[in-house]
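Reading through the structure tokens given below for one structure.
Read the figures in this text as sums done on the coordinates, not as results from a lab. The model shown is predicted, which means the values in this text are computed figures rather than measured ones. Every residue, glycine as well, gets a Cβ built from its backbone with ideal geometry; the counts of neighbours run over all protein chains shown.
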Amino acid sequence: MTIQTDRRAFLAAGSIATLTALAGCTGQSETESQSAELPSYTEMLGVQLYTVRELFERDARGTLEALAEIGVKDCETAGLFDHKAADIRAIMTDLGLVSRSAHIRLPELQDGIGPSLEDAEILGQSILYLGWIPEDERTADRYRALADLLNERGAEAKAAGKMIGYHNHEFEFVEQEGTTGYNILLERTDPELVTMEIDFFWVAEAGVDPLDLFKRAPGRFTSCHIKDRSSGGDMVSVGDGVIDFKTLLPLAEEAGIERFYVEHDNPEDALASVGRSFAHLTA
């Protein structure tokens, strides 16, 4: 199933309107907000390395050096390509960087997460997020099976001192059989074994209010991806779109989110996009 374009645009516009209206909920004027101390989420502000994947694949050290110069503290991995976990950990240690989580693919979850857990231990990561599922996995029955698999792998991860998580796109919020894939995942997974990473761009694309999710599933969200969205629906660097992150992110932090990752799926200039996003969030 797919969301019709006009319906998706309508729902996304409603979600964006909610997000952009959040500025009025704080009781602060723009001047007061700008003069306030930097919010605590900036202390460990990170980046999802998918943003710089081509650079990272070619030159891991050079890419991580450039990110460190921008101000990145935490690098969430999205595959190591041909690099060894020990080598990446050594580079990060040299640069004062950490990696607290990783994205893994569905085959890694299905075939066994032993190797992923080993890399996570070397890198110092505590959460492995399933980052995406193919279209044929997006039925109600498949979401139920996925939730059970997440619980099973979550138990294995917990025994190793780690945790399993799930990262959303927009397709999980398509209605089917009186529910959605995301509802199934939230209701069927064990909160002690499976956590959630919310992607604010894709939530807006689906026309969902993230604050409603936080209220409906308190304590389920550990991490977030910070992507901005233009009024026309394009993914843009943070600050170039209409989502009011400077108001939203402190509210997300109050809801329990403790990991904040800037991301852009396909930027024209990956490092420039990260730099622009960081400058906006730390201004």
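Between Asp87 and Glu175, with labels modelled 7 Å along Cα→Cβ, what's the label distance in nm to one decimal, could you check?
5.1
Could you tell me which GluC sites (Glu not before Pro) in the stretch 202-283 are loop residues by DSSP with no more than 12 other beta carbons within 10 angstrom of their beta carbon?
Listed in order of number, the matching sites are Glu268.
Work out from phi, with θ = phi - 60° and the Karplus expression 6.51 cos²θ - 1.76 cosθ + 1.60, the ³J(HN,Hα) of each residue of the stretch 197-203, listed in order in whole Hz, and give x for Gly and Pro.
10, 8, 9, 5, 5, 5, 5
List every residue whose amide H lies under 5 Å from the amide H of Ile226, counting only residues 5 or more places away in sequence or on a different chain, with H placed 1.01 Å from N in the peptide plane.
Tyr261, Val262, Glu263
List the residues whose amide H sits under 5 Å from the amide H of Met163, counting only those 5 or more places along or on another chain, with H placed 1.01 Å from N in the peptide plane.
Amide H neighbours of Met163: Ile127, Leu128.
Could you tell me which of rounded, prolate or oblate describes the chain, using a ≥ b ≥ c as the square roots of the eigenvalues of the alpha-carbon gyration tensor, with rounded for a/c under 1.5 and, failing that, prolate when a/b is larger than b/c and oblate otherwise?
Judged from the Cα gyration tensor, the chain comes out oblate (a/c at least 1.5, b/c at or above a/b).
Between Glu69 and Asn266, what's the calculated FRET efficiency when r is the beta-carbon distance and R0 is 30 Å? Round to 0.05. All intermediate terms of the calculation are to be shown ahead of the outcome.
Details: r = 23 Å, r/R0 = 0.76.
In this case the efficiency is close to 0.85.
Would you mind pulling out the separation of the Cα centroids of the stretch 131-198 and the stretch 231-283, in Å?
Spelled out, the Cα-based centre of one part sits 25 Å from the other.
In straight Cα distance, which lysines are under 27 Å from Lys246, not counting same-chain residues fewer than 8 positions off?
Partners within reach: Lys73, Lys215, Lys227.
Please give, to one decimal in nm, the separation of the simple spin-label points placed at Ile122 and Val242, each 7 Å out from Cα toward the Cβ.
Spacing of the two 7 Å Cα→Cβ label points: 4.6 nm.
Could you go through the stretch 46-62 in sequence order and give the Karplus-derived ³J(HN,Hα) for each residue, using 6.51 cos²θ - 1.76 cosθ + 1.60 with θ = phi - 60°, rounded to whole Hz, and x for Gly and Pro?
Going residue by residue, I get x, 9, 7, 5, 4, 4, 10, 4, 5, 5, 5, 5, 6, 8, 5, 5, x Hz, with x marking Gly and Pro.
Report ³J(HN,Hα) in whole Hz for each residue of the stretch 111-128, in order, from the Karplus equation J = 6.51 cos²θ - 1.76 cosθ + 1.60 where θ = phi - 60°; Gly and Pro get x.
7, x, 9, x, x, 5, 5, 5, 5, 4, 5, 5, 7, x, 8, 10, 9, 10
Taking amide H atoms as placed 1.01 Å from N in the peptide plane, list the residues 5 or more away in sequence, or in a different chain, whose amide H sits under 5 Å from that of Ala255.
Those qualifying (amide H under 5 Å, at least 5 residues apart or on another chain) number zero.
Tell me, in nm to one decimal, what length is gained between Ala159 and Met44 on full extension, where the rule is 0.36 nm per residue of separation less the Cα-Cα distance?
On the way: separation 115, 0.36 × 115 = 41.40 nm, distance 2.67 nm.
Fully extending the segment from Ala159 to Met44 adds 38.7 nm.
Antiparallel DSSP bridges in the chain: what percent, to the nearest 5?
Taking every DSSP beta bridge within the chain, about 15 percent pair in antiparallel fashion.
With the cut-off at 1.5 for a/c, could you classify the stretch 166-283 from its C-alpha gyration tensor as rounded, prolate or oblate?
prolate
Want the number for Arg58 to Asp141: 0.36 nm per residue separation, take away the alpha-carbon distance, what's left?
Taking Arg58 through Asp141 to full extension adds about 25.9 nm, to one decimal.
Using a basic spin-label model with each label point 7 Å from the Cα along Cα→Cβ, how many nm lie between Asp190 and Glu258?
The modelled label-to-label distance comes out at 2.0 nm.
With runs of 4+ DSSP H residues as the only contributors, calculate the mean residue ellipticity of the chain at 222 nm using -39,500 (n - 2.57) per run, divided by the residue total and rounded to the nearest 500.
Details: 13 runs with 130 residues, N = 283.
Taking each H run of at least 4 residues, the total per residue is -13500 deg cm²/dmol.
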